[in-house]
Each structure stands twice: as C-alpha cells, then as structure tokens.
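Take a look at the structure below.
What follows is calculated from the coordinates using simple rules that are stated; it is not laboratory data. These numbers were taken from a predicted model, which means no experiment stands behind them. So basically every Cβ, Gly included, is an ideal-geometry build from the backbone, and we count neighbours across all protein chains shown.
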Amino acid sequence: MEIELKYTIADRALIEEIFNDDQVRRYKDENTEVLIPMNAVFYDTPDYKLQRAGFAFRIRREGDENVATLKWGGTTSEGMHKRQELNITLDDEEARHPAISIFGQDE
C-alpha cells in the first residue's frame with residue numbers, strides 16, 4: 001500500500017518556511033537529505049487496456065537505478081493518495097524493453 005501526500009506550492013519562500021519550521025524539522029533526521037534525479041515514463045497498450053482496468057505502469061530512473069512500478073485501486077482525498085503498489089528494480093536492458101510480464105514473479 002502506498003500513501004502519499006501531493007501538494008502544489010508556487011511560492012518558493014513558503015516552501016522554505018515550511019521545511020525550516022521547528023515542528024517539521026523535528027521529524028527530519030539531520031544530514032539525511034539527498035537529491036535524487038528522477039525521470040519517469042508511463043506505459044500502456046495502444047488501446048489503453050491498463051488504464052481502463054485501473055492500472056498504471058511506470059518505469060522511473062532514480063539516480064542510478066531503474067524502478068518499474070505497477071499501481072492500482074485506491075482513493076484520493078485532499079491531496080492524500082492511497083493505492084496498491086508493486087516496485088521492482090530493473091537492469092538497464094529490462095528498462096529499455098518494458099513489459100508488464102516483469103510483475104509475473106509477484107502475486
């Protein structure tokens with residue numbers, strides 16, 4: 001199960017204010033902040049079978065790793081998204097030739 005909060009804050013100064021707030025900083029482990037460049041591509045069949053069935057299939061480059069993700073179901077309310085999710089790390093060759101069958105090894 002994935003649970004994530006998504007917000008849009010256009011004012012960069014407000015973002016800095018939030019993350020420097022004493023209450024927020026209490027939840028952060030010092031010296032653990034890492035910048036990870038990411039690039040995501042979503043896949044489906046030409047007739048959108050995955051989307052129509054309620055699935056999203058993504059391969060994302062996360063730093064030096066390729067991660068395939070299958071998401072389905074769930075709810076969204078006030079910026080909070082809850083849904084089922086599977087993640088599998090791929091080698092570069094698998095990432096270049098995406099196939100939904102890579103999730104066949106999992107229930």
TODO: May I ask you to list the chymotrypsin sites (Phe, Trp or Tyr not before Pro) in the stretch 9-86 that are in a DSSP loop and have at most 16 other Cβ atoms within 10 Å of their Cβ?
DONE: TYR27, TYR48
- [ ] Positive end of the charge dipole of the stretch 1-70 (Lys, Arg +1 and Asp, Glu -1 on Cβ, about the Cα centre): tell me which of MET1, TYR43, LEU14 has its Cα farthest that way.
- [x] TYR43
- [ ] List the lysines whose Cα lies under 20 Å from the Cα of LYS71, skipping any in the same chain that are fewer than 8 positions away.
- [x] LYS6, LYS49, LYS82
TODO: Can you grab the distance from the C-alpha centre of the stretch 88-107 to the C-alpha centre of the stretch 1-80, Å, no decimals?
DONE: 20
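Suppose we flag trypsin sites (Lys or Arg not before Pro) only when DSSP calls them loop and at most 10 other Cβ atoms lie within 10 Å. Which is the longest uninterrupted stretch of the chain?
Numbers: sites that count: LYS6, ARG26, LYS28.
Counting at most 10 other Cβ atoms within 10 Å as exposed, the longest clean stretch of the chain is 29-107.
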TODO: Might you report the magnitude of the Cβ-based charge dipole of the chain about its Cα centre, with Lys and Arg at +1 and Asp and Glu at -1, to the nearest 20 debye?
DONE: 500
Task: Cα-based convex hull, the chain, per residue volume (Å³, whole number) - done: 161
